[in-house]
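> Quick one: the structure is below, and I'll ask about it shortly.
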Amino acid sequence: MGDQEESDVAATMGFSGFGKKARTFDLEAMFEQTRRTAIERSRKALEASEQENLKPKEALLPQQVGSHSVLCSSVTKKVSSSSGSSNSGSSESDESTDEETIDPPMPPRQGKPVSAEDPDELIGPPLPPGYKDSDDDDDDEDLQEEEEENPVKRIPDSHEITLQHGSKTVSALGLDPSGARLVTGGYDYDVKFWDFAGMDASLQAFRSLQPCECHQIKTLQYSSTGDVILVVAGSSQAKVLDRDGFQVMECVKGDQYMVDMAKTKGHTSMLHNGCWHPKIKEEFLTCSNDGTVRTWDVNSEKGHKNVFKPRSMQGKRVIPTACTYSRDGKLIAAGCQDGSIQLWDRNVNVHTKFHCRQAHAPGTDTSCLAFSYCGTVLATRGGDDTLKTWDMRNFKKPLNVVSGLTSFFPMADCCFSPDDKLIVTGTSVKKDSGSGKLLFFERETFQKVYEIEVTDASVVRCLWHPKLNQIMVGTGNGLAKVYYDPVKSQRGAKLCVVKTKRKDKQAETLTQDYIITPHALPMFREPRQRSTRKQLEKDRLDPLKSHKPEPPVAGPGRGGRVGTHGGTLSSFIVKNIALDKTDDSNPREAILRHAKDAEENPYWVAPAYSVTQPNTVFAEVESDEDEPHDEPEWKKRKI
């Protein structure tokens with residue numbers, strides 16, 4: 001009776017039909033349905049994997065395997081929240097299927113598109129946003145494996161730009177660690193600065209200078225921090241410049257009359273090479289024709305820090321032509337003219353730590369020493385047209401040798417690729433005898449895997465920047481080329497090629513403004529000039545506009561200007577002498593003309609003696625007749 005009264009009250013109040021019955025679930029039926037679906041999907045997945053010969057872990061995704069447990073847990077939570085208020089069984093759930101459900105629908109699956117033919121794909125949680133099918137992963141892995149197997153694919157040579165340094169050989173290249181600025185030096189004594197971010201498509205250097213006057217530039221290198229540049233030229237003094245080309249430090253010159261070069265504070269002969277320490281930003285290294293290798297500190301200009309003296313097998317002095325630091329900065333290597341390669345510990349300069357006496361042909365200039373990025377392999381470019389690699393753990397014989405690489409320059413380069421799998425060097429050619437090439441050798445087998453024809457001149461310098469992944473080349477005809485790839489390379493040359501060339505600013509000519517009034521009479525109207533030539537001719541006739549010089553002044557002068565004659569004392573005297581008509585042939589008579597006037601009106605001499613000597617007393621001159629004849633001959637007056 002109570003339930004009937006409550007229903008009557010609800011009907012009377014008008015809210016009996018507002019609410020909807022909560023959906024109820026049969027747990028045992030849902031678990032059974034989920035178990036069957038999981039078994040069916042697992043069977044399909046296994047059949048598909050057997051047909052496509054795929055691995056089991058690739059055929060059945062982890063998300064699909066764990067989807068049933070997630071679904072069951074969500075169903076359990078939902079049922080537990082609604083089981084307390086619902087007492088009806090499966091009959092009530094069947095009756096409420098046609099009604100609207102309050103619960104949110106299952107989220108659609110992401111990643112692989114859902115097909116209507118495969119309804120099982122609707123079951124399971126969504127895949128992560130970065131999910132890729134196994135087919136895409138296989139393609140990417142294949143590409144990576146292909147690049148690893150073939151290092152030629154990593155060479156950035158699809159595009160190039162050409163920087164015009166000058167007309168003579170580009171003998172030095174330097175690129176800062178960030179890759180923002182390039183500096184080039186050549187046989188024309190010039191050092192030019194190139195800013196990739198500031199250049200446009202015209203590719204013009206923003207600064208050019210001659211830091212070492214009339215000495216050829218041999219080496220340019222940025223420090224490990226990129227704030228200063230080491231300049232090694234043909235002089236005996238290396239210089240350090242800042243990023244804008246201003247001098248920071250200059251090495252002192254040694255005493256060339258000293259026998260022991262270790263006693264002097266600096267080099268006494270021409271420099272050959274130099275480089276910065278890879279770890280200490282203030283220290284750098286130079287080698288010279290005086291037979292020494294010296295280390296320097298930028299903050300100390302009084303002298304070198306340490307000196308190393310390479311010796312021949314007989315203990316005689318030999319000239320080092322190339323020098324470098326190891327990658328960790330603990331070793332100093334030098335290539336000498338007797339064909340030897342000698343290495344010292346950086347802190348011990350007495351004996352060599354490693355040496356090979358017959359690394360290259362005696363009497364040739366070893367032009368370059370380069371350590372690999374791993375630090376265990378040393379590459380040398382010899383003046384005997386060879387390229388060799390050496391293992392630092394067994395320095396007795398070379399690992400690989402390539403001969404026939406023509407080199408005409410004492411600074412021919414070799415360098416390693418950023419992945420340490422290739423070695424790059426250039427070849428020289430005679431004028432009009434072919435093209436200089438950039439050759440790529442595999443480090444392990446020393447097989448030539450690639451080559452680039454650069455230009456119809458020798459390839460002198462080469463530099464492969466690891467951060468930009470771009471190759472810089474200096475040639476014998478004054479060009480600096482940059483090779484890059486839009487996909488594999490970063491910044492550098494890519495920044496300047498996309499900028500359009502700046503237009504030259506036109507010189508603004510100031511023209512005379514004419515005031516034209518609507519009712520001006522023709523007689524007062526200024527004629528408008530149609531050509532500038534006629535206006536220039538009129539200006540030429542005007543003495544003020546044409547700056548006509550003033551004519552000379554006739555007469556004594558006026559207005560502060562000196563006349564043609566008589567303006568100065570000398571001209572006045574010359575004029576009076578020239579115009580004087582008196583005859584001064586007899587000077588005695590000319591003087592005696594004034595004797596009577598001087599006696600009557602004394603002015604110069606007589607007033608001075610009027611008090612002390614009123615009466616004039618003249619010296620008595622004896623005549624020749626009164627002279628005694630006994631006077632010595634030497635006292636007689638000579639006539």
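The values are calculated or read from the model by the stated rules, or taken from the named source; none is laboratory data. What you see is a predicted model, and the numbers here were worked out from it, not measured in a lab. Note: ideal-geometry Cβ built from the backbone for every residue, glycine included; neighbour counts use all protein chains shown.
> Restricting to segment 389-404, what's the tally of residues that are in a strand (DSSP E or B) and without any contact (Cβ under 8 Å) to a residue 24 or more places away in the chain?
Within segment 389-404, residues that are in a strand (DSSP E or B) and without any contact (Cβ under 8 Å) to a residue 24 or more places away in the chain number 3.
> What about LYS467, is it in the same structural domain as GLY274 (by TED's automatic domain parsing), in contact (Cβ under 8 Å) with a residue 60 or more places away in the chain and out of contact with any strand residue (DSSP E or B) (no Cβ under 6 Å at 6 or more places or on another chain)?
Yes.
> Run down THR564, THR500 and say which single residue is modelled with pLDDT under 90 and surrounded by fewer than 10 Cβ atoms within 10 Å (Cβ to Cβ).
On the way: THR564 fails: surrounded by fewer than 10 Cβ atoms within 10 Å (Cβ to Cβ).
Only one candidate passes the filter, namely THR500.
> Moving on. Mind listing whichever residues of segment 228-247 are loosely packed, with under 14 Cβ neighbours inside 10 Å and either among the aliphatic types (A, V, I, L, M) or touching a residue at least 24 places away in the same chain (Cβ under 8 Å) (or both)?
Scanning segment 228-247 gives ASP244, GLN247.
> Are there helices (runs of 4 or more DSSP H) fully within segment 20-73 with at least 3 residues that are modelled with pLDDT of 50 or more and basic (Lys, Arg)? List them.
27-52
> Cβ-Cβ below 7 Å, separation at least six or inter-chain, first residue in segment 178-201 and under 14 Å from ILE161 (Cα atoms), second small (Gly, Ala, Ser): which pairs?
TRP194/ALA205; ASP195/ALA180; PHE196/ALA180; PHE196/GLY492; PHE196/ALA493
> Restricting attention to segment 204-226, report how many residues are part of a strand (DSSP E or B), of a type outside the set (Phe, Trp, Tyr) and closer than 10 Å to ASP176 by Cβ.
Here the count works out to 1.
> Quick check on segment 473-483. Is at least one of its residues in contact with a Gly (Cβ under 6 Å, 6 or more places away or on another chain), within 18 Å of TRP194 (Cβ to Cβ) and assigned by TED's automatic domain parsing to the domain that holds ILE161?
Quick first cut of segment 473-483, residues in contact with a Gly (Cβ under 6 Å, 6 or more places away or on another chain) only: 478, 480.
In the following step, the residues that additionally are within 18 Å of TRP194 (Cβ to Cβ) were identified as 478, 480.
Remaining after also requiring assigned by TED's automatic domain parsing to the domain that holds ILE161: 478, 480.
Looking through segment 473-483, at least one residue is in contact with a Gly (Cβ under 6 Å, 6 or more places away or on another chain), within 18 Å of TRP194 (Cβ to Cβ) and assigned by TED's automatic domain parsing to the domain that holds ILE161.
> Here is a further query. Can you name every residue in segment 445-464 that is crowded, with 21+ Cβ neighbours inside 10 Å and either of a type outside the set (A, V, I, L, M, F, W, C) or not assigned by TED's automatic domain parsing to the domain that holds SER224 (or both)?
Matches in segment 445-464: SER458, ARG461.
> Can you pull out every residue in segment 166-212 that is of a type in the set (S, T, N, Q) and closer than 17 Å to THR500 by Cα?
Passing the criteria: SER202, GLN204.
> Working only within segment 332-347, note down all residues that are buried (at least 24 other Cβ atoms within 10 Å of the Cβ) and more than 19 Å from LYS396 (Cβ to Cβ).
Selection gives ILE332 alone.
> Let me ask another. How do the strands (runs of 3 or more DSSP E) wholly within segment 428-501 filter down when requiring 3 or more residues that are within 23 Å of the chain's Cα centre (by Cα) and over 30 Å from THR386 (Cβ atoms): which remain?
Details: elements: 436-442, 448-455, 459-465, 470-475, 479-484.
Output list is empty.
> Can you tell me which residues in segment 406-426 are out of contact with any helix residue (DSSP H, G or I) (no Cβ under 6 Å at 6 or more places or on another chain) and part of a loop (DSSP other than H, G, I, E, B)?
Result: THR406, SER407, PHE408, PHE409, PRO410, MET411, ALA412, ASP413, SER417, PRO418, ASP419, ASP420.
> Every residue in segment 567-592 that is under 30 Å from ASN615 (Cβ atoms) and either surrounded by 10 or more Cβ atoms within 10 Å (Cβ to Cβ) or modelled with pLDDT under 70 (or both), please.
Within segment 567-592, GLU589, ALA590, ILE591, LEU592 qualify.
> Select, from MET261, MET313, the only residue that is modelled with pLDDT under 90 and closer than 20 Å to HIS355 by Cα.
It is MET313.
> Please go through segment 227-278 and pick out each residue that is of a type in the set (Gly, Ala, Ser) and part of a loop (DSSP other than H, G, I, E, B).
Across segment 227-278, the qualifying residues are GLY234, SER235, SER236, ALA238, GLY245, GLY254, GLY266, SER269.
> Go over the candidates GLU283, GLU250, GLU301 one by one and state the one that is acidic (Asp, Glu), over 23 Å from GLY474 (Cα atoms) and surrounded by 19 or more Cβ atoms within 10 Å (Cβ to Cβ).
Working: GLU250 fails: surrounded by 19 or more Cβ atoms within 10 Å (Cβ to Cβ); GLU301 fails: surrounded by 19 or more Cβ atoms within 10 Å (Cβ to Cβ).
Just a single option satisfies the conditions, and that option is GLU283.
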